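To start, the structure itself, in structure tokens.
The values are calculated or read from the model by the stated rules, or taken from the named source; none is laboratory data. Model, not experiment: these values are computed from the prediction. A quick note on method: Cβ atoms are made from the backbone with ideal geometry, for glycine too, and the neighbour counts reach across all protein chains shown. Surface accessibility is based on the protein's heavy atoms, side chains included, excluding ligands, DNA and RNA. Shrake-Rupley method; radii C 1.70, N 1.55, O 1.52, S 1.80 Å.
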Amino acid sequence: MQNNIVSFDLQPGFRGFVAGVVNALREQQVYCEVKRADGTQIAAATMEAQGNRSTLKNVMNNRPHWSFGPFDFEATIFVRITHKRDGSWANSKVVGPLTVDKYPESDYPMTFRSKTVVSEDLDNISHDDCTVNIIEYK
């Protein structure tokens, strides 16, 4: 396990979205932030959910995803997962990203990059409290 923040590079020219599911009694929060290589914040979103197999919702528009890109420059996405404990947000432990890349094929020329991050809010060791998927495509 590692800290509650994971990051990875986004590919120039790719579009993407963040979506996820919660399986926890505690309220879970995912904060996503995209920054340029120089550290300038480009975009950010907060998603929250609580319950058994509940879909994360973007707090700005209640959508079950947050879309980003395409960017014509190098950027990094940072994903932080927290949970509500005693009325305050506390860091969750995260594992990931787990990566799957799908490259163009003659009969299906699209490229997909999938990153999955799972978290644990420290009530047990199930690592299924919050599962976040970040998908890039071109």
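Ranked highest first by average number of other Cβ atoms within 10 Å, how do 54-67, 93-106 line up?
Per-residue mean Cβ counts within 10 Å order the peptides as 54-67, 93-106.
Kindly rank 107-114, 28-35 from highest to lowest mean number of other beta carbons found within 10 Å of each residue.
Working: 107-114: 12.8, 28-35: 20.9.
Ranked by mean Cβ neighbours within 10 Å, highest first: 28-35, 107-114.
Taking 7 Å along the Cα-to-C-beta vector as the label spot, tell me the TYR137-GLU105 distance in nanometres, rounded to one decimal.
A separation of 1.6 nm, rounded to one decimal place.
Give the long-range amide H neighbours of PHE8: residues separated by 5 or more places, or on another chain, with amide H under 5 Å away, using H modelled in the peptide plane at 1.01 Å from N.
Here the answer is ILE77, since their amide H atoms fall under 5 Å of that of PHE8.
Please report, as a whole percent, how much of the solvent-accessible surface of the chain comes from carbon and sulfur atoms (probe radius 1.4 Å).
Heavy-atom surface of the chain belonging to carbon and sulfur, 1.4 Å probe: 49 percent.
Could you work out how much longer the chain between VAL95 and THR76 gets when fully extended? Use 0.36 nm per residue separation minus the Cα distance between them, nm to one decimal.
5.1 nm
Calculate the FRET efficiency for ALA44 and ASP128 from the Cβ-Cβ distance with a Förster distance of 25 Å, rounded to the nearest 0.05.
Working: r = 25 Å, r/R0 = 1.02.
The formula returns an efficiency of 0.45 here.
Which is farthest toward the positive dipole end of region 1-106 among VAL79, ASN61, GLY13, measuring Cα position about the Cα centre, with Cβ charges +1 (Lys, Arg) and -1 (Asp, Glu)?
Toward the positive end, the furthest listed residue is ASN61.
Got a sec? Charge dipole of the chain, +1 on Cβ for Lys and Arg, -1 for Asp and Glu; which of GLY51, TYR103, ASN4 is way out at the positive end?
With unit charges placed on the Cβ atoms, the residue in question is GLY51.
Would you mind counting up the charge near ASP9? Only other residues with Cβ under 12 Å from its Cβ, with Lys and Arg at +1 and Asp and Glu at -1.
Net local charge, ASP9 excluded: +2.
Run the reach check for LYS93 against lysines, Cα to Cα strictly under 26 Å, same-chain hits fewer than 8 apart removed. What comes back?
Reachable lysines: LYS35, LYS57, LYS84, LYS115.
So if I place +1 on the C-beta of Lys and Arg and -1 on the C-beta of Asp and Glu, and nothing else carries charge, what would the dipole magnitude of the chain be about its Cα centre? I want it in debye, nearest 20.
Values: 15 positive and 17 negative charges, 50 e Å.
Around 240 debye, computed over the chain.
Residues of the chain: accessible area per residue at 1.4 Å, in Å²?
54 Å²
Can you tally the net charge around PRO64? Count Lys and Arg as +1, Asp and Glu as -1, for every other residue whose Cβ sits under 14 Å from the Cβ of PRO64.
Surrounding charge for PRO64 is +2.
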